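S.K.: Dropping a structure here in structure tokens format, bear with me for questions.
Rule-based calculations on the coordinates, nothing more; no lab input. As the structure is a computational prediction, the values presented were derived from the model and not from experiment. FYI the Cβ positions are ideal-geometry reconstructions off the backbone, even for glycines, and counts take in every protein chain you see.
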Amino acid sequence: MYLNLITDKVYRTLKEYGALSECAIIKAFPYAKKPTRLTRTVITVSPGGALLNNTALGEECAFGEFSVNINIFTPQEQGSPADNGTLDTVTQALLPLEPIRIKTGGFDGNDMLGAFEAQCTAVFSDILSTEDNSNEGN
């Protein structure tokens, strides 16, 4: 499924981005709470969803938008992901993948984890066809 392909692409891009080498980057399958306090920044990547629109009647072709959710958990001692630059760095890492939009927000604190959380959603678009199953997307 295309959503898994683009999620994997975002995961690999963030994992290979040098400025994020001090962060643990994991796939969030399934999204689960960990009963420990964080000692370093953790970035989770998971499929967000898809919206497909038929592009032509009678043809098996659709234009789609696919979202990938990225959650950044930063130890409270390091400050908010928005303040310490991690959110900016994640956004910079995503730009070469050419998302049609990136939405950030949903800043929150989690005292049990001793961490701040920032949410980011990257949206990508592509044309899908059942005749072309090799479509890798942007």
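S.K.: So how tilted is helix 2-16 from the main axis of the chain? Cα-based, degrees 0 to 90, rounded to 10.
M.R.: Taking Cα atoms only, the helix is inclined about 40 degrees.
S.K.: Taking 8 Å as the Cα distance limit and 6 or more residues as the minimum spacing, I'd like the relative contact order of the chain as a percentage. Walk me through the numbers on the way to the answer.
M.R.: On the way: 274 pairs, mean separation 37.2, N = 138.
Taking the mean separation of contacting Cα pairs over the length of the chain, I get 27 percent.
S.K.: Right, something else. So for the chain: antiparallel DSSP bridges make up what percent, rounded to the nearest 5? Can you show the working numbers first?
M.R.: Values: 36 of 40 bridges.
Looking only at bridges with both residues in the chain, the antiparallel portion is about 90 percent.
S.K.: Let me ask another. Got the relative contact order for the stretch 45-93 handy, in percent, Cα pairs under 8 Å and 6 or more residues apart? List each step's numbers first, then the result.
M.R.: Details: 48 pairs, mean separation 14.1, N = 49.
Once normalised by length, the contact order is 29 percent.
S.K.: Give the calculated FRET efficiency between L51 and A24 to the nearest 0.05, with a Förster radius of 35 Å applied to their Cβ-Cβ distance. Can you show the working numbers first?
M.R.: Details: r = 31 Å, r/R0 = 0.87.
My answer for the efficiency is 0.70.
S.K.: The list (i) 30, 19, 14; (ii) 35, 14, 13; (iii) 32, 14, 13 gives values of semi-axes √(5λ) of the Cα gyration tensor in Å, and only one came from this structure; which label was calculated from it?
M.R.: Given (i) 30, 19, 14; (ii) 35, 14, 13; (iii) 32, 14, 13, the structure-derived one carries the label (iii).
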